[in-house]
Every structure is written in structure tokens, then in C-alpha cells.
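Quick note: the coordinates plus some simple rules give every number you see, no bench work behind them. All values reported here derive from a predicted model rather than from experimental measurement. Counting neighbours? That spans all protein chains shown, and the Cβs are built from the backbone with ideal geometry, glycine included.
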Amino acid sequence: MRDVTDAAIDALRSHLAGTADLHHAAMLLHWDQQTHMPPHGARERGLAGGTLERLAHERTSDPALANLLVAAEQAGEDPGLLRAVREDHERAVRVPSELVGEMAEVAADAQGAWEAARAGDDFAVFAPFLRRHVDLCRRYAACFPEAEHPYDALVGRFEPGATTASIRAAFVGLRDGLVPLIAQIAARPDPGDLTGPFPVAEQRTLALEIARTMGYDDDAWRIDEAAHPFMANMGRGDVRITTKEEEAVLAIGLFGVLHETGHGLYEAGIDPAWDRTTVGTGTSLSMHESQSRLWENMVGRSRALWSHWLPRAQELFPGPLQGVALDDVLHRINVVRPSLIRVDADEATYCLHVLLRFELEVALFEGTLEVEDLPAAWNARMEEYLGVEVPSDADGVLQDIHWAHGAFGYFPTYALGTMIAAQLWEAAHVAIPDLERRIAAGELSTLRAWLREHVHRFGRTRTGDEILRDITGGGLDPAPLLRYLHEKYGALYDL
Ligand code: ZN
């Protein structure tokens, strides 16, 4: 016979399992939409996803969940799980289900408008949808009247605990360090690109060979093509990454796979105790992005990794790579070149693309910028931060899908994650003194095990801030990223 204690925990876990199942189904719909669904399915798929989201929201805001939490706490449920679920509940009860449904519906319509606007380079086609998203997000923010800044509530959807002020403080330090570094690099000779062709089948072979040493498991993972690569997880036994390969450019497919594998390792490394609960996933988007960026850039584009893998790459691509020296390959896969498109940006300029979006989003919700003035404001900042002239809105303000989804508050997590990656990278070198030697020997499992132990296994039962403080003794800090970039690019560009 089971006692009351177990029953209370079982009741909470069973409620969470139902919600986790809805997230599971929504993730699978999303994965299918981005990989296999014919384009005309977009609207119905958007609505179906919206229904799942609304159902999950109803479960999370269910008053019965509050009672289950109290009983489970008395029964000794894990405090980290209780905290995360309580936060979800308290957030959800503030937001009416109708608003959640309306946001999903506008997103379903806005995606088509955004695609048309981008294809025709006509911002005016998208602007009315963007205005509706901004209005809905204002209504969402108004559900949290105690917030210091209306944007805080929007960021909180993706980055619990972060505020406009805390992000701004970190970004100012980052921008002041990055802008002069990029100017210094721009004054040096450009090393050029690795020139192909790099047949895509061999690209996939190389990417998967490296990914398997990271922890990609053929029995629990799969890889497919998608126009905008991402990772989708349906539990630890079903991790799906996506990629896009171009024959002319090795870097897009190869480093894209390492990036998404980094995301997948996070999900695959979560303690099985949190399976089928709402805490069995990454703790925040920034912590997630720290994992992908660490593997993609700090490991993937490093001298140590290429000293091991270059001979194999030369075997697979004898035409373009035979006889090319390690130094040349390294410089060319780490070329810094201010450019228009965020997703194609190099490691040094990437964060400036994100800062620009953050500043524009904050201005929209402070009421100092109107939707129709976005293109001009975008172009002015591109010029100021990156010295790049924007030739068209399609390659400017219309380039990302996030605003079509109404995902204001999402962008900052990319730069926060990049900063956290550098903080973890420094800490990993202290914890594993021979880390570089191991990577150069093709051995990545020690790093993976360290990340699993200190980051992955907790899922959402620890906040990103708690994880970072336990590892580094401090909070978010742009200094390690600036140190890392100065050291790496100082050597590559002879600064
Ligand atoms: Zn990512």
C-alpha cells in the first residue's frame, strides 16, 4: 500500500505529465512544420499549435495546481521543482487564456505576411501584423503591473529573472568592448574564405563524426534539413536537430550541426528524475544558447579541435583542403566581417546584431519608437554599430522570423547565452586543466561530463543564475567573453 506522502507527489507529477505531453505534441508539430509540412499547411498548423498552447496554459493556470503544489511540498517534493512550477503557475494565472489564444492566432497569420513582405521587400505588408503583436504584447505586459519596465514581462517569458535594467547593464559593457575590437580587426587584412566545393554528403559525414564524439547518439537522435535550423526534443530518447548545407560554404552546415548538437546535449543530459515533468528541459533560453555557442565556437572553431580533425577533413575534401595549413584553415573559419544578416554573423560581430534588436524592442515598448519607424531606426544602428549600409528591408528589419511570432524579449537571450558560454568556458579550463590537450586528442566526453554535472542535469530545478553562481561564484559578466575574443582574435589577426 502506498502512503499519503507518495500520493500527493504522484498527483502533482501526474498533472505535470499531462502538461509535458502537450508540450511534447506541440514540439513535434513545430518540428514537422519546419522539416516536412507543405507550405500551404502553415495557417492550420499555426492554429493547431495555438490550441495546444492554450490547453497547456489552462492546465498551468488551473487553481487545482496550486493545491497540488501545497500538498506535494508537505510530502517532501523537490524544492527546485516546486519553485519552477509555482512560478509557471503564478505567471499563467495573470494572463487570460483568451489573450494567449489571440497571440497564437495573430502569429499564425503574421507568419505568411512576414514571408510575403520579405519576398517582396515591402515592410508595409508586415507592419499591420507587427502593430497587432505590439498591442497584444502591451496587454500581456499590463498583466504584470508591478514590473519596473513593461519589457520585463516579455523577457520573463524566455528568461526568468532577467530585467530590462540587468540586460542593459550587461550589454553596455559588451558593446563598449566589442565596437573598438571589431574596428581594430577591420583595419587588418582579410584572410578570405575557404573555397569549395564541399559536397554536402561529405559535409554531413564530417559533422556527424564530430557530433558523435560530442555525444550525438544514433539511437536517440536524428538529423533533418530545415531552412532555419533548430533543435527539437521530445524527451531524452528523441532529440532532433536540423541543418542546412551549402556546397560552397563548409561553415554553415558544419558549425550549424555542432551548434544544434550543443542544444541537444543539454536536453539529453537532464536527470531522468525530471522526465515527463515541466522542469525536464533547459532552465532558460540563455543557458541553452550558452551550450550551443560553447560547442559551436569555443570548441568547434578552436585550434585544438582542428589540429585533430583537419586530416579527416582533408580526406573528405581533398580538392579544397589538401595542403592547406592549419593556421590558414583556422583564420578562414574564424574570419570577422561585419555583415547584414545575424544568422550568418561571425563570433565577434554577432552580439551587436542582438544588441540592436534589444534596443529597438525596448524603444517600442517604452513608446519612443513606432512600428512604421522601425526600418529607419534599424538601418541607422547597423551603420553605427557595424558600419554596414542596409540595402533593403528584406536584408534588414525583415530578416528574422521572431517578430512574426510576437516573440519580443527573445533576442537578448542569444547575447546573454554567448556571455554565459565564455564564463563556463573559463570555468571549465580551471576544472579540467588539460582540456585543450583532450580536445586536440579528439576527446570531448570530459567536457560534456563536466557540463552535464554542473549545468544539464538540473533541468529547470535550478535557475540559470543559481547555476552560474555555483560555477563562477558570480553572476552574468561580459568580461570573460571580451577576454576570450581579445585573446583569440588578437592571435589570429596579429593585433
Ligand atoms: Zn541556438
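Some notes on this structure:
- Between Asp328 and His429, the FRET efficiency from the beta-carbon distance, with R0 = 25 Å, is close to 0.45.
- Converting phi to 3J(HN,Hα) with the Karplus coefficients 6.51, -1.76 and 1.60 and the offset θ = phi - 60°, segment 284-294 yields 7, 5, 5, 5, 4, 5, 4, 5, 5, 6, 4 Hz in sequence order, with x at every glycine or proline.
- Residues whose amide H comes within less than 5 Å of that of Thr281, counting only those at least five positions distant or on another chain, are Arg460 (H built at 1.01 Å from N in the peptide plane).
- For the chain, alpha-carbon Rg over 2.2 N^0.38 Å: 0.97
- Kirkwood Rh, angstrom, segment 211-273 [1 / mean 1/r, Cα pairs]: 11.9 Å
- Residue-by-residue Karplus 3J(HN,Hα) for segment 335-349, coefficients 6.51, -1.76, 1.60, Hz, glycine and proline x: 5, 10, 8, x, 8, 7, 9, 4, 5, 9, 5, 6, 4, 7, 8
- Highest mean packing first, where packing is the average number of other Cβ atoms within 10 Å per residue, the peptides 338-347, 101-110 line up as 101-110, 338-347.
- Relative contact order, percent, segment 173-287 [alpha-carbon distance under 8 Å, six or more residues apart]: 24 percent
- Percentage relative contact order, the chain, counting C-alpha pairs under 8 Å, at least six apart: 20 percent
- Ordering of 426-435, 407-416 by packing is 407-416, 426-435, highest average first (other Cβ atoms within 10 Å, averaged per residue).
- Put simply, when 22-32, 62-72 are sorted by average Cβ atoms within 10 angstrom per residue, most first, you get 22-32, 62-72.
- Distant-in-sequence amide H partners of Thr243 (H built 1.01 Å from N, under 5 Å): Asp224, Glu225, Ala226
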